[in-house]
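Written below as structure tokens is the structure these notes are about.
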Amino acid sequence: MAFCTVCGAQTADGSTMCPAHSGAAAAPPVTSTAGGMTDNVAGMLAYVTIIPPILFLVIEPYNKNRFVRFHAFQSIFLHVAAVVAWIAFIIISAVLAFIPILGHLVALLLWLTLSVGLLIVWVMLLIKANQGQMWKLPVIGDMAEKQANTV
């Protein structure tokens, strides 16, 4: 079940805007100030470290907001996926270390790819949350949306 990023109305699966807003060029930033900061800023801050999303899921005005909950859950799931990827890459690097020169080069390229990829995804999530958009990552976004829709 998907929801419009502008008004929150239910939309068809795979769609990010309802028919009334599908012609809009870009979604305006979310401007609710129930908790002292706008929702788009709270959604963006959820990606900073692992502590803010946990706080947003516990603190009263933010844990009621579906937009903030979505970004908090997506941030938590992204952090867990990053830790799992880092552990897998440590194991792969240990195996590759037995190959004299080529193994170290391949391990370095894998680490750089993972690091730059995570950095790019993180920056895109920060930008999209600040713009008031619910940009979903492929697997993690679906899990986060499911968790955000349960109250």
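The values are calculated or read from the model by the stated rules, or taken from the named source; none is laboratory data. Every value quoted in this text rests on a predicted model; they were computed, and no experiment measured them. Methodologically, a virtual Cβ is constructed for each residue, glycine included, from the backbone with ideal geometry; neighbour enumeration extends over all protein chains shown. Quick note on the areas: whole protein, heavy atoms, side chains included, nothing else; ligands and nucleic acids left out. Shrake-Rupley method; radii C 1.70, N 1.55, O 1.52, S 1.80 Å.
Would you call MET134 among the hydrophobic types (A, V, I, L, M, F, W, C), surrounded by 11 or more Cβ atoms within 10 Å (Cβ to Cβ) and outside any helix (DSSP H, G or I)?
yes
Under 9 Å between Cβ atoms, at least 6 apart or on separate chains: pull out the pairs that start in segment 45-69 with a residue that is free of Cβ contacts under 8 Å to residues at least 60 places away in the same chain and end on any residue that is of a type in the set (D, E, K, R) and assigned to a helix (DSSP H, G or I).
What qualifies is PHE56/ARG69; LEU57/ARG69; TYR62/ASP39; TYR62/ARG69; ASN63/ARG69; ASN65/ASP39; VAL68/ASP39.
Provide a single number: the residues in segment 82-118 that are over 25 Å from GLY141 (Cβ atoms), open to solvent by less than 90 Å² (accessible area, probe 1.4 Å) and of a type in the set (Val, Ile, Thr).
3
Is it fair to say VAL121 is exposed (fewer than 13 other Cβ atoms within 10 Å of the Cβ) and of a type outside the set (Asp, Glu)?
Numbers: exposed (fewer than 13 other Cβ atoms within 10 Å of the Cβ): no; of a type outside the set (Asp, Glu): yes.
It is false that VAL121 is exposed (fewer than 13 other Cβ atoms within 10 Å of the Cβ) and of a type outside the set (Asp, Glu).
Yes or no: segment 19-36 includes at least one residue that is modelled with pLDDT of 70 or more, under 11 Å from MET134 (Cβ atoms) and open to solvent by 30 Å² or more (accessible area, probe 1.4 Å).
No, every residue in segment 19-36 fails to be modelled with pLDDT of 70 or more, under 11 Å from MET134 (Cβ atoms) and open to solvent by 30 Å² or more (accessible area, probe 1.4 Å).
Please indicate, with yes or no, whether at least one residue in segment 73-81 is open to solvent by 90 Å² or more (accessible area, probe 1.4 Å), in contact with a helix residue (DSSP H, G or I) (Cβ under 9 Å, 6 or more places away or on another chain) and more than 30 Å from CYS7 (Cα to Cα).
Scanning segment 73-81 turns up no residue that is open to solvent by 90 Å² or more (accessible area, probe 1.4 Å), in contact with a helix residue (DSSP H, G or I) (Cβ under 9 Å, 6 or more places away or on another chain) and more than 30 Å from CYS7 (Cα to Cα).
List the number of the failed condition for ALA129; all other conditions in (1) closer than 24 Å to THR38 by Cα; (2) open to solvent by 40 Å² or more (accessible area, probe 1.4 Å) hold.
(2) is the only condition that ALA129 fails.
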